[in-house]
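Asks: Take a look at the following structure, please.
The values are calculated or read from the model by the stated rules, or taken from the named source; none is laboratory data. Model, not experiment: these values are computed from the prediction. Cβ sites come from the backbone with ideal geometry, for glycine too, and all protein chains shown count toward neighbours. Each accessible area value is taken on the protein alone, full model and side chains, heavy atoms only, with ligands, DNA and RNA left out. Shrake-Rupley method; radii C 1.70, N 1.55, O 1.52, S 1.80 Å.
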Amino acid sequence: MSHRKFEAPRHGSKGFLPKCRSKRHKGKPKAFPKDDPSKPVHLTAFMGYKAGMTHIVREVDRPGSKVNKKEIVEGCTIIETPPMVAIGVVGYIETPRGLRALKTVWAEHIGEEAKRRFYKNWSQSKKKAFTKSCTKWADDLGKKEIEKELTKMKKYCTTIRIVVHTQMKILRRRQKKAHIMEVQLNGGSIADKVEFARNHFEKEVPVGAVFAQDEMIDIIGVTKGHGYKGVTSRWNTKKLPRKTHKGLRKVACIGAWHPSRIQFTVPRAGQKGYHHRTEVNKKIYRMGAGYAMKDGKLVKNSAATEYDLADKSINPMGGFPHYGEVKQDFILLKGCCIGPKKRVLTLRKSLFIHTKKRALEKINLKFIDTSSKFGHGRFQTPEDKVSFMGPLKKDKKD
């Protein structure tokens, strides 16, 4: 019988099996936070688009720690979060087999970007989606039916979820089809939740109404895809010695003679990345406002701190690589997060109440880096560059 020469821990976690391509492109929250009727009605999740990363400098407020009152540099992710639009409400009742949707009520006007989600080919379709449901709002009989359905929800339902979609037209990406999602409403009574949803039909919900500065949130999304990979890349197994026959990026022994099958625990080649994942406890370092007009001027000071001499926006010189410029509201999260640039991410409120000092720490940013992310950026703003370089030949007027 063979035996292994050296014992070693296994490579890779079995908790994430099977490592296959995700069925969905958008992150799906498998759970929502526990409802507390004593709080006001609020949404528990939001959607945003990953723009890129930068780094910040801040002073640590952590008494007892070695880095307390010292400046540290940390990597941060920018997620663009334009306001979402509420277009419907769904009421669920509890059954022995879990939740069941009892009633769905749609708003009168549903934007084209949301309707596109219901079609594979929008341009060649007859665009009939919601043409009948919107006629209910026009006459008294239809309005009575809507009120009846809302009353039924208030009477029988235990969970209320609001249907929202992202605004692609203000995001100005190539895609025109909005992402639609059901978001659970927490806080208040069931009647309060239904009224909240009813009052928010066709209205914008900003990210500031869901999350707050210094809050811990969860990120749900689909990771960056890497295609079909071998065991060295996929499971991080040891490479075999140089002289190995038929390649060295392999697993030497994939199992004993008997049982005469390959066990599922043995690392094999296959899909790497594009997996559905949930990452918990990401701290919000800044809730940034988008570009806005104030007194006839365009205000862009979304990345300015009290230590900065000039106003500057969160966009690095030349924009975010593979993304462009962030012109809408955004959130700045500590550390990296799931997915490539432009990937839609679901941001969810944390499932439990945070009590740890690190989670409750107040964040005061001293500096946000806006130098170019395309190479070795040296200047924070175009004005810095002009003052250092002086007049350039390309800017010379003839």
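Asks: Below 8 Å, C-alpha to C-alpha, sequence gap of six or more: please give me the relative contact order for the range 280-333 in percent. Don't skip to the end; give the middle numbers.
Replies: Values: 65 pairs, mean separation 25.2, N = 54.
The normalised contact order for the range 280-333 reaches 47 percent.
Asks: With every protein chain in place, what's the accessible area of Thr95 (1.4 Å probe, Å², nearest 10)?
Replies: Counting only protein heavy atoms, Thr95 exposes about 40 Å² to solvent.
Asks: If you place +1 on the Cβ of every Lys and Arg, -1 on the Cβ of every Asp and Glu, and leave all else neutral, what size is the dipole of the chain about its Cα centre, to the nearest 20 Debye?
Replies: On the way: 87 positive and 38 negative charges, 598 e Å.
Using Cβ point charges on Lys, Arg, Asp and Glu, the chain gives about 2880 debye.
Asks: Under a point spin-label approximation (7 Å from Cα along Cα-to-Cβ), what is the Glu7-Glu147 distance to one decimal in nm?
Replies: The answer from the label model is 7.5 nm.
Asks: Another question, then. Taking the Cβ-Cβ separation of Lys362 and Cys20 as r and a Förster radius of 41 Å, what is the calculated FRET efficiency to the nearest 0.05? Each step should come with its number before you reach the end.
Replies: Working: r = 42 Å, r/R0 = 1.02.
Efficiency, from the Cβ-Cβ distance: 0.45.
Asks: Rounded to the nearest 0.05, what FRET efficiency is calculated for Asn236 and Ala256 with R0 set to 30 Å and r the Cβ-Cβ distance?
Replies: Working: r = 23 Å, r/R0 = 0.77.
With a Förster radius of 30 Å, E is 0.85.
Asks: Taking only Cα atoms and a 10 Å spring cutoff, compute GNM fluctuations for the chain and point out the largest among Lys127, Lys30, Lys246.
Replies: Fluctuation is largest for Lys246.
Asks: Calculated from DSSP H runs of 4 or more alone, at -39500 (n - 2.57) each and per residue, what is the 222 nm mean residue ellipticity of the chain, nearest 500?
Replies: Numbers: 7 runs with 52 residues, N = 398.
Helices in the chain give a 222 nm mean residue ellipticity of -3500 deg cm²/dmol.
Asks: Further question: Can you tell me the FRET efficiency between Lys154 and Glu215 if r is taken as the Cβ-Cβ distance and R0 is 35 Å, rounded to the nearest 0.05?
Replies: On the way: r = 30 Å, r/R0 = 0.86.
Calculated value: 0.70.
Asks: To continue, here is another question. Of the heavy-atom accessible surface of the chain (probe 1.4 angstrom), what whole percent is carbon and sulfur?
Replies: Values: 13240 of 24440 Å².
With neighbouring chains kept in place, the figure for the chain is 54 percent.
Asks: So what is the accessible area of the chain per residue, in Å², with the probe set to 1.4 Å?
Replies: 61
Asks: Something else: From zero outward in steps of 10 Å, how is the percent of C-alpha pairs of the range 1-154 spread across the bins?
Replies: Spelled out per bin, shortest first, that is 7, 17, 25, 23, 14, 10, 4, 1, 0.
Asks: For Thr131, put the label point 7 Å out on the Cα→Cβ axis and report which residues of the range 71-111 keep their amide N under 17 Å from it.
Replies: Hits in the range 71-111 for Thr131 at 17 Å: 109-111.
Asks: In a GNM of the chain with a 10 Å cut-off on Cα contacts, which of Asp36, Asp214, Asp369 has the highest mean-square fluctuation?
Replies: Comparing Asp36, Asp214, Asp369 in a Gaussian network model of the chain, the most mobile one is Asp36.
Asks: Show me 256-267, 347-358, 183-194 ranked by packing, highest mean number of other Cβ atoms within 10 Å first.
Replies: On the way: 256-267: 9.5, 347-358: 14.4, 183-194: 20.0.
So the peptides 256-267, 347-358, 183-194, ranked by packing, come out 183-194, 347-358, 256-267.
Asks: While we're looking at this one, here's another question. If each residue of separation counts as 0.36 nm, what is the full-extension length gain between Lys246 and Lys203 once their alpha-carbon separation is subtracted?
Replies: Values: separation 43, 0.36 × 43 = 15.48 nm, distance 6.25 nm.
Fully extending the segment from Lys246 to Lys203 adds 9.2 nm.
Asks: Dipole size in debye (nearest 20) for the range 38-141 around its Cα centre, Lys and Arg Cβ +1, Asp and Glu Cβ -1?
Replies: Values: 19 positive and 11 negative charges, 102 e Å.
So the magnitude is around 480 debye.
Asks: Using only the alpha carbon atoms of the range 16-90, find the Kirkwood hydrodynamic radius as the inverse mean reciprocal pair distance, in angstroms to one decimal. If you can, show how the numbers build up before the last one.
Replies: Working: mean 1/r = 0.0572 Å⁻¹.
Mean inverse Cα-Cα distance, inverted, gives 17.5 Å.
Asks: I'd like to know which of Trp122, Val210, Ile78 lies farthest towards the positive end of the charge dipole of the chain, counting +1 on Cβ of Lys and Arg and -1 on Cβ of Asp and Glu.
Replies: Ranked along the dipole, the leading option is Trp122.
Asks: Among Val163, Gly255, Ala292, which residue has its Cα positioned farthest towards the positive end of the charge dipole of the chain, with +1 placed on the Cβ of Lys and Arg, -1 on the Cβ of Asp and Glu, and the dipole taken about the Cα centre?
Replies: Gly255
Asks: For the chain, take N as its residue count and report Rg(C-alpha) divided by 2.2 N^0.38 Å. Can you show the working numbers first?
Replies: Numbers: Rg = 25.9 Å, N = 398, 2.2 N^0.38 = 21.4 Å.
Cα Rg divided by the expected 2.2 N^0.38 Å: 1.21.
Asks: Okay, moving on. On a full-extension model of 0.36 nm per residue, what is the gain between His55 and Thr104, subtracting their alpha-carbon distance, rounded to one decimal in nm? Don't skip to the end; give the middle numbers.
Replies: Details: separation 49, 0.36 × 49 = 17.64 nm, distance 4.40 nm.
So the chain would gain 13.2 nm between His55 and Thr104.
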